[in-house]
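Encoded as structure tokens, the structure appears first; notes follow it.
The values are calculated or read from the model by the stated rules, or taken from the named source; none is laboratory data. These numbers were taken from a predicted model, which means no experiment stands behind them. Ideal geometry is used to build each Cβ from the backbone, glycine not excepted, and the neighbour counts take in all protein chains shown. Heavy atoms of the whole protein, side chains included, go into the accessibility calculation; ligands, DNA and RNA do not. Shrake-Rupley method; radii C 1.70, N 1.55, O 1.52, S 1.80 Å.
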Amino acid sequence: MDPETVIAREEDLLEHFHIGGKTRDRWGIGVEYERLGVHRDTGRAIPYEGPASVETILRALSERRGWTPHGEEGRILSLERGTSSVTLEPGGQLELSGAVHATLDGAHRELLEFVSDVDEISRPLGIAWLGVGNHPITPLSAIPWIPKRRYAIMREYLPTRGSLARTMMQSTACIQVNVDYLDERDAMDKFRTAMALSPLLTALYANSPLSEGRPNGFASYRSWVWRHTDPDRCGLLPFAFREDASFADYVQYALDVPMFFVVRGDRWIPAAPTTFRTFIREGFQGARATHGDFRLHLTTIFTEVRLKQYVEVRGCDSGAPESCLALAALWKGLLYDATAHAEAWKVVRGMTFEERDDLHARVCREGPAARLRSSGGRSGSGSGEATVRDRLVDLLRIARAGLERQGAAGETGYLDLLDRRVGDGGSCPADSLLAEWEGPLRRDPRALVSVLSNPDRADV
């Protein structure tokens, strides 16, 4: 659909998702990986501009590694090379959105090359990049904003919706995995399963226990922050768990999410609290809603799983590169094999929405030790309550078998890291990080930076 075409009927938006369907032989995996830039000697966030800054690194990547720069008013804000891109989150978090790869080895090579390039450029500048879910040292007030019009509008609006919205924008970093679908039924089945499993994966990847150099009381503070950002566009979606959920349900939800902005040429016009449904029916300041506007609007939905022309699985704190690839292997094993997919859904099917949302809140603090409380279906033996760790053991076994049935037995090695993580007692990276911070690191920011910026860190 031409992005300039005016939307005639709300039903026309369904086509955006239908054309995303791909035959099984065209399915791939894409990863998105964020890290936090800090001064190596202090652990404090680096600025956007200046000799040792985010912009300097973007410019060097463009000049030395063949990335094409893009920006606003002469400032570099993103890079593009082929189908891959490098973008900035509002606080200068650097994100690689990798190409779609047929194999995890391809995604692995791209990710490690990018990490190596960024680290090589950053090291002489005294800059390190942390694979962690939240700035562990820098207070929010000391994290700079990048000069992007989109974020200027979000900066004004989101704090009216959630008490931790600015923390989300400036201080957090995550890992995301993108998976393909065959058709509407397949897309919604993956959407439902991924949404249901999201609290468990949040626990497995919890890696943000420090704020301003002190324990903050959370395993995944990043996830807690997202829960207090904007109830209109974040969290879990009740309709996702209905067996008959459809593209139409997602469109109806998206239509009622307030817009951040309408873009015409170089003008970014604040639009909240106008919903996209109202934009279609009544227009906005003389502008009519186009299909391009709808695609942009979809990027402002921040639920734990979201639909584009693929299924984007969110909800995991950032970590080391190997941890990112392990997550991709897990989702590929669970969602790209029909047997594994069905078994994964059974692990979490017997829960009400309220129980799912309660679990999502509790894993932010408790990590894999949180207990599943289910009023029906499978919740564990004996006491009627199982821990998240118990279910993660099940999921890893299911994912490994799923990869093998796909003829990807060589990719099961990526799961070894997660097997070790849930092995003895079932911990998460936050547990290890806290133990190191209070123990051998002696609460030394410089030592912490050395650990968290090491691309070979195991994240167990």
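Provide the per-residue ³J(HN,Hα) series for the range 191-205, in order, calculated from phi with Karplus coefficients 6.51, -1.76, 1.60 and θ = phi - 60°, each as a whole number of Hz, with x at glycine and proline positions.
Once rounded to whole Hz, the list reads 4, 5, 5, 5, 5, 5, 7, 4, x, 5, 6, 4, 5, 4, 9.
Each residue of the range 166-173 in order: what ³J(HN,Hα) in whole Hz does its phi give by Karplus 6.51 cos²θ - 1.76 cosθ + 1.60, θ = phi - 60°, with x for Gly and Pro?
After applying 6.51 cos²θ - 1.76 cosθ + 1.60, I find 5, 4, 4, 5, 9, 10, 9, 8 Hz.
Using 0.36 nm times the number of residues separating Glu404 and Val263, minus their current alpha carbon distance, what extension gain do you get?
Full extension from Glu404 to Val263 adds 46.1 nm.
Would you please give the FRET efficiency between Leu434 and Arg295, computed as 1/(1 + (r/R0)^6) with r the Cβ-Cβ distance and R0 = 41 Å, to the nearest 0.05?
Efficiency, from the Cβ-Cβ distance: 0.50.
All other residues with a Cβ under 10 Å from the Cβ of Pro429 taken together, and with Lys, Arg as +1 and Asp, Glu as -1, what is their net charge?
Local charge sum for Pro429: -1.
Hand me the tally of lysine pairs in the chain: alpha carbons under 16 angstrom apart, and the pair either on different chains or 8 or more positions apart.
Going through the chain pair by pair, I get 6.
Mind checking the full-extension length gain between Ser84 and Glu385? Use 0.36 nm per residue of separation minus the Cα-Cα distance, one decimal, nm.
So the chain would gain 104.0 nm between Ser84 and Glu385.
Could you order Arg371, Arg192, Arg288, Arg421 so the one with the most accessible surface comes first? Probe is 1.4 Å.
Of Arg371, Arg192, Arg288, Arg421, the descending order of accessible area is Arg288, Arg371, Arg192, Arg421.
With each pseudo-label sitting 7 Å past Cα toward Cβ, what's the Arg281-Glu156 distance in nm, one decimal?
With each label placed 7 Å out from Cα toward Cβ, I get 2.6 nm.
Assuming R0 = 30 Å, what is the FRET efficiency of Ser246 and Trp145, from their Cβ-Cβ distance, to the nearest 0.05?
0.15
Under a 5 Å amide H to amide H cut-off, with H placed in plane at 1.01 Å, what residues pair with Thr138 once short-range neighbours are removed?
Distant-sequence amide H within range of Thr138: Ala45, Glu212.
May I ask you to list the GluC sites (Glu not before Pro) in the range 134-233 that are in a DSSP loop and have at most 14 other Cβ atoms within 10 Å of their Cβ?
Glu212
Using the Cα gyration tensor of the range 1-76, with a ≥ b ≥ c the square roots of its eigenvalues, what is the shape: rounded (a/c below 1.5), prolate (a/b larger than b/c) or oblate (neither)?
It comes out prolate by the Cα gyration axes.
Of [x] 61, 55, 41; [y] 70, 52, 41; [z] 71, 59, 39, which one was derived for Cα extents along the principal axes in Å from the structure shown?
[x]
Name the residue from Phe241, Pro147, Leu395 whose Cα lies farthest towards the positive end of the charge dipole of the chain, charges +1 on Cβ of Lys and Arg and -1 on Cβ of Asp and Glu.
It is Pro147.
For the ranges 400-408, 9-17, what's the packing order if you count other beta-carbon atoms within 10 Å of each residue, average per peptide, and put the highest first?
400-408, 9-17
Not counting ligands, DNA or RNA, and with a 1.4 Å probe, what is Leu140's accessible surface area in Å² rounded to the nearest 10?
Counting only protein heavy atoms, Leu140 exposes about 50 Å² to solvent.
Ignoring ligands, DNA and RNA, what percent of the 1.4 Å accessible area of the range 89-242 is carbon and sulfur?
Heavy-atom surface of the range 89-242 belonging to carbon and sulfur, 1.4 Å probe: 52 percent.
Tell me the carbon and sulfur percent of the accessible area for the range 248-393, rounded to whole percent, probe radius 1.4 Å.
48
Would you calculate the separation in nanometres between label points at Ile19 and Thr68, each defined as 7 Å from the Cα along the Cα-to-beta-carbon direction?
2.0
For the chain, what is the charge dipole size about the Cα centre, in debye to the nearest 20, if Lys and Arg each add +1 at the Cβ and Asp and Glu each add -1 at the Cβ?
Roughly 700 debye for the chain.
Accessible area per residue of the chain at 1.4 Å probe, in Å²?
38
Mind ranking Trp145, Trp331 by accessible surface for me, highest first, 1.4 Å probe?
Of Trp145, Trp331, the descending order of accessible area is Trp145, Trp331.
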